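Have a look at the structure below before the remarks.
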Amino acid sequence: MTATRPGGGYAVAVKRLRMKGTQGDNEWLNELKFLARLNHPNVVKLIGYCSEREHRILVYEYMIGGSLEAHLLKDDDTEMNRGRRINIALGAAKGLNFLHTLGRPVIHRDVKACNVLLDGLLTVTRSSLCNINRLRVILQGFNPKLSDFGLAKYGPQGDQSHVSSRILGTKGYFAPDFGVVLLEIFSGNCAAKKYSNGLEGNLVRCAKPYLSNKLDIRGVIDKRIGENFPREGAQEFARIILQCLSTDPTGRPEMREVVANLERL
C-alpha cells in the first residue's frame, strides 16, 4: 500500500499460487495469457508477473472496493443502493460484451459475484464535473471489473456457433452464470446457500417463480433497496434477469443487448 518512492507509485494486489498439482499452474498460465492482452475499463488490469523456479505470482491493480459478493453479504451495507447496483450490473455486462466481441472472442467461464471487483467511491469537487453524464458516474461509484481468468477460453469464430466445453465454474453459477449474478444483485442473496441443517438452497430455483409474476416481484427484491425501486424499473430488471437465466443458450440475449437494456434501466 506504500509507494517505494514518496509521491509515486500506486497500490497493487498480489496473487501467489500455492503449488499443488498442475491444475493451479495451468490456470495461472491461462490467466496470464488472457489478461496480458486485455485492456478495458471493466476488466481488471494486470501489471506484472513472476515465474521463477517454484514461484508463480500475478500483480494486479488494487480494487479498493473489494468484491461484489462481500458487499451483498453484509447485512448492514448501506452503500449498495439501487443506482449503484444497476451501475455494477451494467459495467459487468460491458466487460463481458468486450470479451465476446473481440476479434478472437473470449469466454470467461467463471463469472460470479466474488470475481466482480469494485473500485472505491469517487469524491470530486463541483468544479471538476464536466457534464451530467460525468456526474451520474461519480454519484454511482463502485466501477466493476471482471477478474480471475483462470478458466477462460477462446470462443467460437467464423461459422462456428459454439465451442464444446466441459462444465466448469462454481456450484450455483454454472451457465447462465451472468444471469445468476444479476439475480444476486437484485435479491441480495448468494447463489447457493447451505443451511445449518445441512440442506442447500438454490437461488435461481427459488426466485424464478417470483420474477415471472409482476405481482410477486417484491418477494425477491433485496429489502435494503425494495422501497426505493420503482415498480416499472423492478419489473424491467426482472425481465432482463429472466432472459439471462434462460437454460436454452439460443434463448439468452447477446451481451450487447443486455448492455442496451441495462442502460435504459
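Close amide H pairs (under 5 Å, H built 1.01 Å from N) link R56 with L17, residues at least 5 positions away or on another chain. The calculated FRET efficiency for the pair S246 and V12, based on their C-beta separation and a Förster distance of 45 Å, comes to about 0.70.
Do the alpha carbons of any pairs in K74/K223; K15/K74; K45/K94 sit beyond 22 Å of each other, and which pairs? Intermediate values should be presented prior to the final figure.
Details: K74/K223 13 Å; K15/K74 24 Å; K45/K94 15 Å.
Among K74/K223; K15/K74; K45/K94, the Cα-Cα distance tops 22 Å for K15/K74.
Relative contact order for segment 12-61: 47 percent, from Cα pairs under 8 Å spaced at least 6 residues apart, divided by residue count. Computed over segment 12-61, the convex hull of the alpha-carbon atoms projects to a mean area of 3.5 nm².
Where does the charge balance sit around E227 when Lys and Arg score +1, Asp and Glu -1, over other residues with C-beta under 13 Å from its C-beta?
Working: positive: R82, R218, K223, R224, R231; negative: D222.
Overall, the nearby charge balance is +4.
Sketch the reach of a paramagnetic label on T78 as a point 7 Å from Cα along Cα-to-Cβ, and name the residues of segment 207-233 whose backbone nitrogen lies under 20 Å away. Under 20 Å, as judged by backbone N against the label point of T78, lie 222-229 of segment 207-233.
The numbers here are math on the coordinates, done by the rules we state, and not lab data. Computed from a prediction, not measured in an experiment: that's the story for all the values here. No Cβ is skipped: glycine too gets one built from the backbone with ideal geometry, and neighbour counts run over all protein chains shown.
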